[in-house]
1. Pick from the stretch 110-167 the residues that are surrounded by 11 or more Cβ atoms within 10 Å (Cβ to Cβ) and among the small types (Gly, Ala, Ser): which of them is nearest to the chain's Cα centre (by Cα)?
2. Return the pair list, or none, for Cβ contacts closer than 9 Å from residues in the stretch 77-99 that are within 11 Å of ILE122 (Cβ to Cβ) to residues that are among the aromatic types (Phe, Trp, Tyr) and assigned to a strand (DSSP E or B), at least 6 apart or on different chains.
3. Please enumerate the residues belonging to the stretch 75-103 that are more than 25 Å from GLN2 (Cβ to Cβ) and surrounded by 11 or more Cβ atoms within 10 Å (Cβ to Cβ).
Amino acid sequence: MQKYTIAVLVNNQSGVLNRVTSMFRRRQFNINSLTVSETESEKFSRITVTYEAEPEMNHQIVTQLYKLPDVIKVKELNKDDSVNCELMLIKVKNDPAARDDIRTAAEAFKAETVDYTRESVIMRITGDSRRIDAFITLMQDFEILEICRTGVVSLERGSTTIAQLDD
C-alpha cells in the first residue's frame, strides 16, 4: 500500500464533506488525515485527504470523487512537488525532574511553548508528518497528557493552482 495525499476542490455547501467522506467509507478506505477550509474564494472549499491504497484503487477513488455532485477538481499531490505541513498541540506533564529535558527537546524541534502551568506544558509544532511523529516519539519519554493534530495541508509548488488544472 502507498500513502496518498489528494486535494479536492468542491463547492462550499453543506453536505459536501459528508458525501466525500462517505465515498471513502463505502469503499472501506481509512482516512489518515482530513482538513477542510474555505479557499481564496468563499464559493469553494478545499478538502485535503491522506489515505493508504493500492495504486489501482487510488485511481478508482479519484474517478469516484469526480462523480460526486459539487466536486470541481481532484489533484493528487506528490510530496516532491508540493509543500506539506501539519500543526500539532501537545500537552505534557510539567514534571520538575523532566523540565529541562522537555525544554531541550522542544528547542531541538523548534516547538513553541504556548501554555505553561505548574501541572502541564502545551507546545505547538508545525512541519511534515514525519517530523510531528518524531516529536511525539521523543515526548513519549515524558507523560503525554493530550495531543491534537490538524492533519496535512498541502499546496502544489509553483504558480499552478488546483482551480487551473486540466485533467
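1. Per the criteria, the residue is GLY151.
2. Correct list of pairs: ASN94/TYR116.
3. If we filter the stretch 75-103 for residues that are more than 25 Å from GLN2 (Cβ to Cβ), which is where we start, we get 89-103.
Matches in the stretch 75-103: LEU89, ILE90, LYS91, VAL92, LYS93, ASN94, ASP95, ALA98, ARG99, ASP101, ILE102, ARG103.
A short reminder: the numbers here are calculations on the coordinates, not readings from a lab. The structure displayed is predicted, hence computed values, not measured ones. Using ideal geometry, Cβ is built from the backbone for each residue, glycine included, and neighbour counts are taken over all protein chains shown.
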